[in-house]
Amino acid sequence: MEWWREARYGMFIHWGLYSVAGGEWKGKDYGKEQGGASAEWVMNSAKVPGKEYRETLAPQFNPTQFDAEKWVSVAKASGMKYMVITSKHHDGFCLFDTKATDYNVMEASPFKRDIIKELSEECAKQGIKFGVYYSQFKDWYHRSRGKDNPGTLTNEEYLKLVEDNLEELLSNYGEMSVLWFDTGGSDVIEANAQGARVRELQPNAVICSRLYNRGVPANQKKYADFNSLRDRELPPERMTEDAETCMTMRHNWGYDRTDDAWKSEKDIIEFLALCGARGVNLLLNVGPTPEGTLLPEETERLAAVGEWMKVNGESIYGTTCSPVDFDFWWGGITQKDKTLYLHVLEWKPEGIDFNGVVGKPIKAYFLADAERNALPVKYDAKGHFTTVEVPKEAPDFRNTVIVVEYDCAIETDPDAKGKYHWYTTRSKRHTEIENNAHAGQTENLTAVTERKRKRNNK
Ligand code: FHN
């Protein structure tokens, strides 16, 4: 788990036959922005029989522009340390050379290239950890979806397919660093058998808790190495266990033709920092096109995060969660040994203050400042309030990182109070400010903030 804890930031890739459909079926849009399920669910959303889905899409899956070197380079430049790609999603189509079913990229599509092989080799070449997503329970092609859609296999035959697929994925593609099972069934014995096989064939692989159904008690998830939180979840509190959140850059996981709900680069950098403040990894998703390319909106955002990480990566990689169980009006904190990293997401010219940490720091400075020019620091022993004095303008409006160094182990005030959690109040606060602004209220940001801070910190 050491590399995984150090990594903090990886690439999720949702790619397959559903990318050809792009969230649509027979001219109707089933994508998430239409209130439906995500684009990769189109087979289910449009109730497409397996045979029709395969005959319509597989012959069109010919992503001739796919270039593993490009994708891995984009991930690396973004500061991502690992990659997880859908080897078989719920539609049952395998993006690798398998003998267990002919419904795979080598036999059922004109592409006839082993995508998992090409990506795993490129990741090994560029020093990125490689892993696969595998839908071990949901399979709308091989399994029955009721009498109208019987599926191609019985339950026993399907279990054998999963077993054979795992043997192939765990034996034929070198070091498999992550097994990202998704939506486990309720049978813990089945899940344990699959988990045990991973341990035997790839003892260093990190296994996702979604090997098990979410309802299985944590102490029965014998082979889960990290807790995969709900999709796009930013947990309210710090996580005391290894955990990861996966996030889309827009609504859908798989490629969607009409989804333009792009998060900004600031949204993504903020989310990465706030995940860090909770001790959680971020697996950030791309949904490549049917042609095998990443969208410009994706590569632009990934490059922007990469620029930020080049300067500020130290405040994310290998850090642990905040020393206190709450955020601050201006953002959140990550920690590494005797150093705190303040992720200032909302600038406060009157100073960046935090409570809950005992003792006066020995130094504070902007992480982006190569000379590490000291910023003035005040410490009020009464409330254990530390304030770093800052210039009027934020050096980086997306997230300015202030390093706060101590000469001893970080000690917290057990009675520290703070109820400011970014994942809730931020959206409310902004709406209120926008409403005030629209309503021509005399209150400005500081006044609204002051009022809210008094309310949050009473
Ligand atoms: O049903 C899948 C969904 O299509 C997507 O793959 C997400 C990614 O975390 N996992 C399941 C829903 O949680």
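For the stretch 251-269, how many residues meet the condition of being part of a loop (DSSP other than H, G, I, E, B) and within 20 Å of G332 (Cβ to Cβ)? Before you say what the answer is, go through the steps one by one.
First pass over the stretch 251-269, keeping only residues part of a loop (DSSP other than H, G, I, E, B): 251-264.
Next, only the ones that are within 20 Å of G332 (Cβ to Cβ) stay: 263-264.
Total meeting the criteria: 2.
Collect the residues in the stretch 215-250 that are within 12 Å of the ligand (Cβ to nearest atom) and either assigned to a loop (DSSP other than H, G, I, E, B) or open to solvent by 20 Å² or more (accessible area, probe 1.4 Å) (or both), keeping them in residue-number order. Of everything in the stretch 215-250, those that are within 12 Å of the ligand (Cβ to nearest atom) and either assigned to a loop (DSSP other than H, G, I, E, B) or open to solvent by 20 Å² or more (accessible area, probe 1.4 Å) (or both) turn out to be L229, R230, D231, R232, E233, T248.
Of all the listed residues (V358, V305, V311), the sole one being open to solvent by less than 10 Å² (accessible area, probe 1.4 Å) and among the aliphatic types (A, V, I, L, M) is V305. Scanning the stretch 15-35 for residues that are of a type in the set (G, A, S) and open to solvent by 30 Å² or more (accessible area, probe 1.4 Å), we see that the one that is nearest to D67 (Cα to Cα) is G27. Check the stretch 13-26 and report whether any residue there is within 16 Å of the ligand (Cβ to nearest atom), within 13 Å of G287 (Cα to Cα) and in a strand (DSSP E or B). Checking the stretch 13-26: at least one residue is within 16 Å of the ligand (Cβ to nearest atom), within 13 Å of G287 (Cα to Cα) and in a strand (DSSP E or B).
Considering the stretch 151-185 alone, what residues qualify as being within 16 Å of the ligand (Cβ to nearest atom) and more than 14 Å from Y133 (Cβ to Cβ)? Listed by number, the list holds a single entry, G185.
Output the residue which, of all residues in the stretch 82-120 that are of a type in the set (G, A, S), in contact with a helix residue (DSSP H, G or I) (Cβ under 8 Å, 6 or more places away or on another chain) and more than 16 Å from the ligand (Cβ to nearest atom), is nearest to P288 (Cα to Cα).
At the first step, the residues of the stretch 82-120 found to be of a type in the set (G, A, S) are 87, 92, 100, 108-109, 120.
Okay, now just the ones that are also in contact with a helix residue (DSSP H, G or I) (Cβ under 8 Å, 6 or more places away or on another chain), so 87, 92, 100, 108-109.
Remaining after also requiring more than 16 Å from the ligand (Cβ to nearest atom): 100, 108-109.
Working: A100: 26, A108: 20, S109: 17 Å.
So the residue we want is S109.
Sub-7 Å Cβ pairs linking a first residue in the stretch 130-156 that is open to solvent by 60 Å² or more (accessible area, probe 1.4 Å) to a second residue that is away from the ligand (no atom under 16 Å from the Cβ) and among the hydroxyl-bearing types (S, T, Y), at least 6 apart or interchain, are P150/S144, ordered by first then second residue.
Taking each residue of the stretch 84-105 that is free of Cβ contacts under 8 Å to residues at least 24 places away in the same chain and looking for partners that are among the small types (G, A, S) and open to solvent by 10 Å² or more (accessible area, probe 1.4 Å) with beta-carbon atoms closer than 8 Å, six or more apart or interchain, yields D102/A108.
You will find that of Q194, Q202, the residue that is touching a residue at least 40 places away in the same chain (Cβ under 8 Å) and more than 19 Å from the chain's Cα centre (by Cα) is Q194 and no other.
If you filter the stretch 253-274 down to residues that are at pLDDT 95 or above and within 16 Å of the ligand (Cβ to nearest atom), you find that the one that is farthest from G27 (Cα to Cα) is W253.
So which of E298, E270 is in contact (Cβ under 8 Å) with a residue 40 or more places away in the chain, within 14 Å of E233 (Cα to Cα) and out of contact with any Asp or Glu (no Cβ under 8 Å at 6 or more places or on another chain)? So that I can check it myself, show each step before the final result.
Details: E298 fails: within 14 Å of E233 (Cα to Cα).
Going through E298, E270 in turn, the sole match is E270.
Among the residues of this structure, A277 does not count as one that is more than 14 Å from the ligand (Cβ to nearest atom), without any contact (Cβ under 8 Å) to a residue 24 or more places away in the chain and not assigned by TED's automatic domain parsing to the domain that holds T334.
Could you grab me the full set of residues in the stretch 130-164 that are among the basic types (K, R) and assigned to a loop (DSSP other than H, G, I, E, B)?
K138, R143, R145, K147
The values are calculated or read from the model by the stated rules, or taken from the named source; none is laboratory data. What you see is a predicted model; the values in this text were computed from it and never measured. For neighbour counting, all protein chains shown are included, and Cβ atoms are generated from backbone atoms with ideal geometry for every residue, glycine included. With ligands, DNA and RNA removed, areas are computed over all heavy atoms of the protein, side chains included. Shrake-Rupley method; radii C 1.70, N 1.55, O 1.52, S 1.80 Å.
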